[in-house]
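The values are calculated or read from the model by the stated rules, or taken from the named source; none is laboratory data. Fair warning: this is a prediction, and the values are worked out from it, not measured in the lab. Please note: Cβ atoms are built from the backbone with ideal geometry, for glycine as well, and neighbour counts cover all protein chains shown.
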Amino acid sequence: MATQLSQNQNQFAQTALIGMAAEQPIDTVTCQINPNTTAPYITAGCAVKLISNTGPEKVVDITTSPTDGPVFGVIAYNPRSNVHVAGGHVEVHTDLNVLYLKSSAAITRGARVSCTNPTALANDPTVATDTSASDYTVGVAETQATAANQLVKIRVKPGFNVSISGTVYSVVSP
């Protein structure tokens with residue numbers, strides 16, 4: 001399943017695609033892709049990080065690996081254009097949105113996952129269970145995958161993987 005797929009917007013039932021919201025979006029923001037990005041391929045499902053900018057606009061860049069971050073969110077599926085360019089604008093799913101992402105291996109429900117962005121046009125961004133305390137994670141798997149190349153519902157909850165056991169810790173301010 002390649003992210004370049006499109007579907008007829010006039011059909012009654014839409015097929016789930018990478019980066020498509022699985023539930024009503026809660027926090028989706030418009031961002032500009034870094035005009036100086038070196039990312040070779042930018043599409044729905046790519047994890048992004050905020051970068052410094054002197055203007056009022058949110059500017060994001062593609063993460064290069066699970067150790068690159070912190071993750072701000074994930075580029076949302078757009079039925080009109082699913083391959084993006086430097087300087088363009090994208091919708092980014094942030095905290096608590098649930099979306100479909102592609103697995104790179106089996107994933108257990110409740111596991112924290114990290115994202116690997118594609119380096120070639122023929123590849124899709126993928127998520128995998130994160131096992132390293134030094135990684136930035138995209139969120140938590142709400143469904144499970146039994147193998148690679150399956151769509152999994154991920155609740156976007158960016159963080160630093162301080163818990164390898166899969167338990168998601170939260171900090172409450174006094």
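List of remarks:
- Checked against the criteria, Ala39 does not count as modelled with pLDDT under 80 and part of a loop (DSSP other than H, G, I, E, B).
- With respect to being among the small types (Gly, Ala, Ser), in contact with a Lys or Arg (Cβ under 8 Å, 6 or more places away or on another chain), surrounded by 15 or more Cβ atoms within 10 Å (Cβ to Cβ) and modelled with pLDDT of 90 or more, Gly45 fits the description.
Here's the yes/no breakdown for (1) within 18 Å of Cys115 (Cβ to Cβ); (2) touching a strand residue (DSSP E or B) at 6+ places or on another chain (Cβ under 8 Å); (3) among the hydrophobic types (A, V, I, L, M, F, W, C):
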position: Thr28; (1), (2), (3): yes, yes, no
position: Gln32; (1), (2), (3): no, yes, no
position: Ala44; (1), (2), (3): yes, yes, yes
position: Glu57; (1), (2), (3): no, yes, no
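- Top-ranked residue in segment 22-36 [being under 24 Å from Ala141 (Cβ atoms) and of a type outside the set (Ser, Thr, Tyr); ranked as modelled with the highest pLDDT]: Val29
This table checks each residue for (1) modelled with pLDDT of 90 or more; (2) under 13 Å from the mean Cα position of the chain (by Cα).
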site	(1), (2)
Val92	yes, yes
Val98	yes, yes
Thr119	no, no
Val140	yes, yes
Ala145	yes, no
Ile164	no, no
Ser173	no, no
